[in-house]
Amino acid sequence: MRALIALIFLMPALAFASPAQTMTPQELRFVTANAEFTLFHEMGHLLINELRLPVLGREEDAADQLGFMGLFLIDERQREADFPERMLDIADYWRVEWQRPKRPDEEIREWDSHALDAQRFYNIACLAYGSDPVRLEWMIQATGLPDERAFFCPDEYQQARHAVNWFQEHFRRPPEEPVRHRIQVVYDPPPPSLDDGEELLARVRASGELEKVAEKASTSFPLPRDLTLRLTSCGAPDAWYNRISGELTLCYERIAYFRELAARVPRLHPAASSR
């Protein structure tokens, strides 16, 4: 199981936020947790498509579960003091997206392959609570998770955990099999609109964490071709995996967007919200 988990969840120290910006520790945690989850979600798409994983239901839901479940299954991460808050940070991102006013072109429609923002919020809140319902009972009140859903969350978590375990058991590269294909990391220049873009790029490159993720993926699973993990400017706060080109794209603008949204989460600013 650890081969899967270490693949995409070795990034707790990755510094996505710049010290040039005035950010509280809570805001920094929110930005980092959601930047990690974005990468993990897209890595889920990469694994689903490149390894031809069986998916029942929508691929977007499966990628969410592959990304989010891995965080629960690393014992080292669960022992971190702020681990539950990081899980709540990810759920809160979807709460903010759900509740903020949107232009018509930003709305997720009922026919879309993605779940509605409200559904993703409750799905993630459910997995978080269900991972440890005794210790994390407070999360029901923190998220507003209805009792009718919360009752089944431990079962939902165990079901997702079983699926991740099955994936690792059936798709891990045998130790004796040589590594034939790898994921290359490419850094494009940050956009001029990002004031501290060069500093952000320097910190991410210096951490070496994207390379660790790419290397672990390359050595843990028998990838069918060479692939690319690219940090680039996209003109919009986005991230995606292109199954045709075999390229996973993480956008500078999405990291900047998380920094913007961090200011909108009330629990990250208890003093302001109490006035």
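Any read-out appearing in this document is the output of simple, stated calculations on the displayed coordinates, not a laboratory observation. None of these values were measured; they are calculated from a predicted model. Positions of Cβ are backbone-derived with ideal geometry, glycine not excepted, and every protein chain shown enters the neighbour counts.
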DSSP bridge pairs, the chain: antiparallel proportion in percent, nearest 5: 30 percent
Calculated from backbone phi, Karplus (6.51, -1.76, 1.60) coupling profile of region 53-60 in Hz, x at Gly/Pro: 5, x, 10, 9, x, 7, 4, 4
Signed unit charges on C-beta, dipole axis of the chain, positive-most listed residue His45, Cys234, Tyr122: His45
Whole-Hz couplings from phi, Karplus 6.51/-1.76/1.60, listed for region 169-186; x for Gly and Pro: 5, 9, 10, 5, 5, x, x, 7, 7, x, 7, 9, 9, 9, 9, 8, 9, 10
Phi-based couplings in Hz for region 121-137 (Karplus 6.51, -1.76, 1.60; Gly and Pro marked x): 4, 5, 4, 6, 4, 5, 5, 4, 5, x, 5, 7, x, 6, 6, 10, 4
Cβ charges +1 (Lys, Arg) and -1 (Asp, Glu), total dipole of region 149-204, debye: 380 debye
Amide H contacts under 5 Å for Leu229, placed H, 5+ residues apart: Gln184, Val185, Val186, Leu248
Cα gyration tensor shape of region 111-167, rounded if a/c is under 1.5, else prolate or oblate by comparing a/b with b/c: oblate
Under 5 Å, built H, 5+ apart or other chain: amide partners of Val265: none
Within a Gaussian network of the chain (alpha carbon springs, distance under 10 Å), most fluctuating of Phe121, Phe151, Phe221: Phe151
Loop sites in region 171-243: GluC sites (Glu not before Pro), DSSP, at most 10 other Cβ within 10 Å: Glu176
